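Single-structure report; data block below.
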Amino acid sequence: MKTVVISVLLVTLGVTAGCARTEGEAAPAASAATVTSCGLPLTVPAPPRRALALEQNATEILLTLGLADRMAGTSYQTDPVLPELKAGYDAVPVLAKLYPNRETVLQAKPDFVYSTFTSAYATDAAGPRADLGRLNVPAYLSRFACEDPATGEAAVSFDGILAEIEEIAGIFGVPDRGARVVADQRARLAATAGAGTAGTSVLWYYSGTSTPYVAGQRGLPAAISAHLGVTNAYGDATQPWPAGSWEEIAQRNPDVIVLADLTRGGDGDSAQSKKDFLRANAVTRELDAVKNDRFVTVSGSSMDPSVRSITAAEQLAAGLKELTR
């Protein structure tokens, strides 16, 4: 019986500690950047010097680009920061355990705000992006989480993730760093393409015990499944994260279960609590994947689009290889 926990770190092309400025790299350009983020035109007059990252994935994108010294704050970390980014993270002020409110955001005197989740810009969080814009604070939102889905990308894709990294690097005047990160990730993508076995059914189990939340269409797990050539057990669900039922999961009887290892402390959040539940529940303990211990564990944040996305693909590819030996 095999339970697989694979750790894959960003270790090539200088991304181990973030892309600090290298010899021969130009200093950040002082020109303005104009982009459209989820339908909202943003003008950034100069490369940001006091950026705020409102949650984990935005934080790790900025740190991977070597921008810790140009961050005025971070917040809402759901997992331990990647080890290779910890030194940079420790140098950035933490504004709030969850999302900072508008007052806290403005007190930090940001010249750029970034999030990969719409919820960061709720009225009880940082506030609407348009309101921040009227205060001359450009607020960027990931193309996969737009307030109006019609203004963004309908489904998560690796091309879209890498395009966002390049756009952020351009806004900060460090396109060379963005190019290095993207080249590294594309090489790793190429190495894992088609690494799964056709016909292998994979259930992406995110959270919940009484009601399990799993991965359907359009989210990162769907993109990873397609990239590796395996079948998403809930690939017919039109929502990215539908609520499933254990009886329905039993009918689908996936070959492998990917467990999100969440650190929130809630019921069924950690990978271990998920395993304990699946092995004890009268319905789920009869699943082939549970009886044969066919689990692969990934961090919770790696199930959302970020610099961790390729790592999650690598972890599943390695786990599938180990489980089929």
If you take the beta carbon distance between Arg325 and Thr104 as r and set R0 to 45 Å, what does 1/(1 + (r/R0)^6) give as a FRET efficiency, to the nearest 0.05?
0.35
Counting Lys and Arg as +1 and Asp and Glu as -1 over every other residue whose Cβ sits under 11 Å from the Cβ of Asp261, the net charge comes to +1
In nm, the gap between the two label points placed 7 Å beyond Cα toward Cβ at Ser119 and Asp69 is 3.5 nm
Give, as a single signed number, the net charge of other residues whose beta carbon lies under 15 Å from the beta carbon of Ala198, with Lys and Arg counted +1 and Asp and Glu -1.
0
30 Å Cα-Cα threshold exceeded, pairs from Lys274/Lys321; Lys86/Lys291; Lys97/Lys291:
Lys86/Lys291; Lys97/Lys291
Just to verify a number: FRET efficiency for Thr211 and Ala96, C-beta to C-beta distance, R0 = 30 Å, to 0.05?
0.60
Testing the spin-label approximation: label points 7 Å from Cα along Cα→Cβ at Ala179 and Thr238. State their distance in nm.
4.3 nm
Would you mind calculating the gained length between Lys86 and Leu135 on full extension (0.36 nm times residue separation, minus the Cα-Cα distance), in nm to one decimal?
14.5 nm
Using +1 at the Cβ of each Lys and Arg and -1 at the Cβ of each Asp and Glu in segment 36-189, identify which of Pro128, Leu98, Gly88 lies farthest towards the dipole's positive end.
Gly88
With 0.36 nm assigned to each residue of separation and the Cα-Cα distance removed, Arg186 to Ala250 gains 19.4 nm
What spacing in nm lies between the two simple spin-label points modelled at Glu147 and Asn281, each 7 Å away from Cα in the Cβ direction?
3.7 nm
Which of [x] 35, 21, 17; [y] 40, 23, 21; [z] 46, 25, 16 is the computed semi-axes √(5λ) of the Cα gyration tensor in Å for the structure on display?
[x]
Quick one: if the Förster radius is 41 Å, what FRET efficiency do Arg264 and Ser31 give, using the C-beta to C-beta distance and rounding to 0.05?
0.50
Where in segment 110-129 is the amide nitrogen less than 11 Å from a point lying 7 Å along the Cα-to-Cβ axis of Arg50?
110-112
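FYI, it's all coordinate maths here, none of it is from the lab. Values in this document were obtained by computation on a predicted structure and should not be read as measured data. Backbone-built Cβ (ideal geometry, glycine too); neighbour counts: all protein chains shown.
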